[in-house]
Amino acid sequence: MARLSALLTGASLVVLSLFAPSLAQQQPPNNGSLSFNGQVGEVTGSILLYPITIGDKDAVRFEGELEGLGRLDDGASYKYGIYNSELDSTTDSDSTSTPTRRSPLHLQKRAQRCPITTMFDPAGLLDPDNGPYQCIPSDYQNTCAVGDLSTKFAVWNGTETGKYYVEIEDITVKLDGPDSVLGKFFIIRDTNENFHACARIAG
Ligand SMILES: *[C@@H]1O[C@H](CO)[C@@H](O)[C@H](O)[C@H]1NC(C)=O
Ligand SMILES: *[C@@H]1O[C@H](CO)[C@@H](O)[C@H](O)[C@H]1NC(C)=O
């Protein structure tokens, strides 16, 4: 009898896992999108984020066309990544000690620049308590912060025309659930840390 119920439980698990993919197809996560309007840095254009599968893995594809990624005089290249925002109310741990820092005007002023805090890293790989951080592109799903895109997929090199076609496919980026990148910020900086673009990823 115990054996039968174990078998039945196993059978219902199989049924559940057979159902899961079709449920996922009925309710795909929202696409994300971001557009750079030249307010922070000179880059303009937009990027769409949408769910794909790579082999049997869920992934997200970033696709878009940017203008303004010209060659930099000193031969520097562009780093890009996903960052947490200081507008995230859930990480507002110092609001009780310094309430005036969070005035709407203050937020507005900061938002005109790039209101980012730390790199988006839900697994905590950048936390020094978890040992030294070493992002290895060939093993990025285990070694890289989700937001550390340019280390995972190589820095962008400016072009003569300044036009740049973005094409990234990442199995660690999510568009739904608690570790979704929606609401986070996508930024582009050069290797001297100058900002060239900053935009919120909208759902
Ligand atoms: C998401 O983007 C893909 C690729 O452009 C498109 O085919 C699909 O219709 C979009 N889905 C939604 C819900 O906008
Ligand atoms: C940019 O140039 C560097 C150095 O040549 C190269 O390693 C890297 O792959 C290039 N980036 C892209 C996206 O092609």
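Within the range 24-78, if we keep just the residues that are of a type in the set (Val, Ile, Thr) and part of a strand (DSSP E or B), the residue that is nearest to the chain's Cα centre (by Cα) turns out to be Val60.
Candidates are the residues of the range 120-168 that are in contact with an Asp or Glu (Cβ under 9 Å, 6 or more places away or on another chain) and charged (D, E, K, R); the one that is farthest from Leu87 (Cα to Cα) is Lys163.
A quick yes/no check of all residues on (1) of a type outside the set (Gly, Ala, Ser); (2) outside any loop (DSSP other than H, G, I, E, B):
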{"residue": "Val166", "(1), (2)": "yes, yes"}
{"residue": "Thr172", "(1), (2)": "yes, no"}
{"residue": "Pro178", "(1), (2)": "yes, no"}
{"residue": "Leu182", "(1), (2)": "yes, no"}
{"residue": "Asn192", "(1), (2)": "yes, no"}
{"residue": "Ala197", "(1), (2)": "no, yes"}
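Within the range 149-167, the set of residues being within 16 Å of ligand 1 (Cβ to nearest atom) and either touching a Cys at 6+ places or on another chain (Cβ under 9 Å) or under 29 Å from Tyr133 (Cα atoms) (or both) comprises Val166, Glu167. Restricting the search to the range 140-161, which residues are touching a strand residue (DSSP E or B) at 6+ places or on another chain (Cβ under 6 Å) and assigned to a helix (DSSP H, G or I)? Of everything in the range 140-161, those that are touching a strand residue (DSSP E or B) at 6+ places or on another chain (Cβ under 6 Å) and assigned to a helix (DSSP H, G or I) turn out to be Leu149, Ser150, Phe153. Taken over the range 1-56, the criterion of being modelled with pLDDT of 90 or more and among the β-branched types (Val, Ile, Thr) is satisfied by Val43, Thr44, Ile47, Ile52, Thr53, Ile54. Only residues that are modelled with pLDDT under 50 and surrounded by 13 or more Cβ atoms within 10 Å (Cβ to Cβ) were counted across the range 102-143, and they come to 4.
The values are calculated or read from the model by the stated rules, or taken from the named source; none is laboratory data. Since this is a predicted model, take the numbers as computed values, not measurements. Here the Cβ is made from the backbone with ideal geometry for all residues, glycine too, and neighbour counts use every protein chain on show.
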